[in-house]
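Notes follow the structure.
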Amino acid sequence: MGVKRVAVIGAGAAGLSAARHLVADPARFSCTVFEQTGAVGGTWVYTDQVGTDEFGLPVHSSMYKSLRTNLPKEVMGFPDFPIPEQERSYLPAKDILQFLNDYADHFHVRERVRFYHHVKSVTPKDGGGWTIVTLDLRSKQLQSEEFDAVMVCNGHYHKPFMPALPGVDTFQGQSLHSHDYRTPEAFQGRNVVVIGAGPSGMDLCLEVARGGAASVVLSHHWPEPIKTQFPDNVRQAPDVARMSEREAHFTDGTSAPCDMLFYCTGYLYSFPFLSEECRVRVVDNHVQPLYKHLVHIDYPTLALVGLPFYVCANSLFDLQARFFLRTLTGEVTLPSRQDMLADTEREMEARRARGMKRRQAHMMGPMQGDYYSELAALGNLEPLPAVLTRLHNESSKRFLEDLVNYREDVYKILDNDNYIKAN
Ligand code: FAD
């Protein structure tokens with residue numbers, strides 16, 4: 001086998017991890033990372049900008065100024081590059097960004113990154129391989145290059161999902177999606193309705209309530225009210241049934257004054273640069289046709305890295321990258337197309353049996369440990385320690401129980417299976 005030319009799209013945590021393993025094996029791979037911004041770190045790069053950037057591209061990062069991680073640093077490292085010991089477990093975003101920069105330098109990845117290169121299209125070539133067209137945002141030059149394999153690492157927290165609320169056209173107040181949220185000033189004195197109680201909705205509900213909002217209603221479709229102590233100016237409500245000029249009306253018949261509608265409704269998978277010929281379909285946020293949420297079943301030299309959510313992200317990226325590279329070298333043989341399709345269908349059936357919706361096709365949470373073990377076994381790879389999953393689950397539980405204080409918890413990992421709460 002000659003040296004395989006591999007393109008990585010994006011220099012966030014997933015792209016860095018992919019590149020780290022490519023760079024480590026120069027006898028078998030060459031590595032080119034295309035990054036449209038001037039920095040590594042992806043969504044961890046805070047910017048005051050919203051809307052479009054200086055090149056007219058949609059601002060990628062969804063980071064807000066005050067963010068502290070919602071997972072302890074003990075589960076946020078890479079398997080071969082943990083986050084260094086320190087007093088706290090839940091770190092500010094700037095520390096994670098510094099960590100990703102340290103990772104890029106430690107593994108000599110930065111030199112492989114072509115900054116300010118926006119990938120415009122990825123197209124399969126007849127007979128195998130890929131053509132990638134990039135735009136150098138500074139020189140405005142278009143360039144077409146050929147690669148043997150492509151690892152798509154463009155993230156999935158940048159294209160906002162906005163549900164259509166009945167009556168929203170008549171609403172006279174302001175609307176904002178969490179993607180464009182940076183600081184709480186605009187919420188002072190406002191009657192806010194936060195839609196969605198995922199990690200961002202919960203966190204931002206707390207932030208704007210503490211930041212001087214007059215009232216905050218957290219509207220969500222959890223079956224029960226969330227059992228955590230919110231500040232006094234917060235109440236919970238079920239879904240919005242309709243909006244009127246200055247009010248939100250909920251499905252339980254109650255209403256609330258509203259002059260700020262805050263969509264914390266999540267994001268959509270989006271791969272605008274994948275040409276039609278790539279045959280990647282996103283149906284109700286289910287990306288297909290993929291084997292193990294990663295490898296394109298019809299084009300196995302194309303991988304979409306990092307799609308699963310509610311995971312130990314950096315460890316997952318590392319595991320997926322290692323698995324995919326083994327399929328490229330031939331150390332791992334993928335099943336036949338029919339068997340990969342059947343395997344995917346079996347998994348989706350199992351998810352349906354658990355009551356999961358299609359839009360949760362890539363959600364891991366309690367299933368993450370099984371996914372990691374399976375990928376490691378199939379790839380004959382070092383498995384991820386079980387303690388990661390255990391601590392992730394513990395942190396998610398604490399987040400729901402005690403939103404205000406859970407970030408003061410401090411953890412220490414003892415071994416592959418055990419951790420202690422150290423405070
Ligand atoms: P990204 O970080 O989004 O990086 C994608 C990169 O691709 C970007 O640099 C982008 O510029 C580039 N790119 C995109 N399109 C193109 C193109 N066409 N051409 C060239 N380059 C392109 N995870 C945790 O584990 N703990 C947390 O506490 C946590 N908090 C979060 C808080 C917020 C507000 C958000 C939005 C996410 C959070 N996450 C958290 C999840 C986080 O997104 C992942 O952990 C991870 O950093 C995602 O990495 P990524 O590389 O997949 O994507």
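The values are calculated or read from the model by the stated rules, or taken from the named source; none is laboratory data. Keep in mind it's a predicted model, so treat the numbers as computed, not measured. Cβ coordinates were reconstructed from backbone atoms using ideal geometry, including for glycine residues, and neighbour counts include every protein chain displayed. With ligands, DNA and RNA removed, areas are computed over all heavy atoms of the protein, side chains included. Shrake-Rupley method; radii C 1.70, N 1.55, O 1.52, S 1.80 Å.
Using only the alpha-carbon atoms, how far is helix 93-106 inclined from the longest principal axis of the chain? Give it as 0 to 90 degrees, nearest 10.
Computed tilt is about 10 degrees.
Rounded to the nearest Å, what's the spacing between the alpha carbon centres of the stretch 340-405 and the stretch 40-118? Just the number, please.
If we compute the Cα centre of each part, the gap is 23 Å.
With every protein chain kept in place and ligands, DNA and RNA left out, what is the accessible area per residue of the chain? Probe 1.4 Å, answer in Å².
Numbers: 18890 Å² over 423 residues.
For the chain, the solvent-accessible area averages 45 Å² per residue.
Roughly to the nearest percent, how much of the accessible area of the chain is carbon and sulfur, given a 1.4 Å probe? Write out the running numbers ahead of the final one.
Numbers: 9650 of 18890 Å².
Carbon plus sulfur share of accessible area: 51 percent.
On the principal axes of its Cα set, how long, how wide and how thick is the chain? Give whole Å, largest value first.
On the principal axes, the chain reaches 66, 50, 42 Å in Cα extent.
In straight Cα distance, which lysines are under 26 Å from residue 140, not counting same-chain residues fewer than 8 positions off?
Reachable lysines: 120, 125, 159.
Compute, for the chain, the length of the dipole vector about the Cα centre, with Cβ point charges of +1 (Lys, Arg) and -1 (Asp, Glu) only. Units Debye, rounded to 20.
Numbers: 43 positive and 51 negative charges, 51 e Å.
Computed charge dipole of the chain: roughly 240 debye.
Using a Gaussian network model on the chain with a 10 Å cutoff between Cα atoms, which of 120, 140, 292 fluctuates the most?
Looking only at 120, 140, 292, the largest GNM fluctuation is found for 140.
Find the relative contact order for the stretch 52-99 and round it to a whole percent, using C-alpha pairs within less than 8 Å whose residues are 6+ positions apart. Please report the intermediate quantities before stating the final value.
Numbers: 31 pairs, mean separation 17.0, N = 48.
Taking the mean separation of contacting Cα pairs over the length of the stretch 52-99, I get 35 percent.
Could you give the angle, 0 to 90 degrees to the nearest 10, between helix 13-23's Cα long axis and the longest principal axis of the Cα atoms of the chain?
In the chain, helix 13-23 runs at an angle near 10 degrees to the longest axis.
Roughly what % antiparallel, to the nearest 5, for the DSSP beta bridges in the chain?
On the way: 32 of 66 bridges.
Restricted to the chain, the bridges split so that about 50 percent are antiparallel.
To the nearest 10 Å², what's residue 153's accessible area with a 1.4 Å probe?
Number for this one is 10 Å².
Counting alpha carbon pairs within less than 8 Å and at least 6 residues apart, what relative contact order, in whole percent, applies to the stretch 220-262? Display every interim value, and only then the final one.
Working: 42 pairs, mean separation 11.0, N = 43.
This gives 26 percent for the stretch 220-262.
Can you give the charge dipole size of the stretch 128-228 about its Cα centre, rounded to the nearest 20 debye, using +1 on the beta carbon of Lys and Arg and -1 on the beta carbon of Asp and Glu? Spell out each step's value before the answer.
Working: 7 positive and 10 negative charges, 77 e Å.
Using only the charged Cβ atoms, the result is roughly 380 debye.
Note down the relative contact order for the chain as a percent, whole number, built from C-alpha pairs under 8 angstrom at least six residues apart. Mind showing how you got there, number by number?
Working: 835 pairs, mean separation 72.7, N = 423.
That works out to 17 percent.
What figure, in Å² to the nearest 10, do you get for the accessible area of residue 224 with a 1.4 Å probe and non-protein molecules left out?
In the full protein context, residue 224 sits at about 110 Å².
Show me the trypsin sites (Lys or Arg not before Pro) within the stretch 317-423 that DSSP assigns to loop and that have at most 14 other Cβ atoms within 10 Å of their Cβ. Let's see the in-between values first.
Values: sites: 322, 326, 337, 346, 351, 352, 354, 357, 358, 359, 390, 397, 398, 407, 412, 421; in loops: 354, 357.
Hits after loop and neighbour filter: 354, 357.
For the chain, with a Gaussian network of springs between Cα atoms less than 10 Å apart, report the residue from 237, 39, 27 with the top mean-square fluctuation.
Maximum fluctuation in the GNM of the chain, among the listed residues, is at 27.
Taking N as the number of residues in the stretch 207-248, what is its Cα Rg relative to 2.2 N^0.38 Å? Numbers along the way, then the final one.
On the way: Rg = 11.4 Å, N = 42, 2.2 N^0.38 = 9.1 Å.
In units of the 2.2 N^0.38 Å rule of thumb, it is 1.25.
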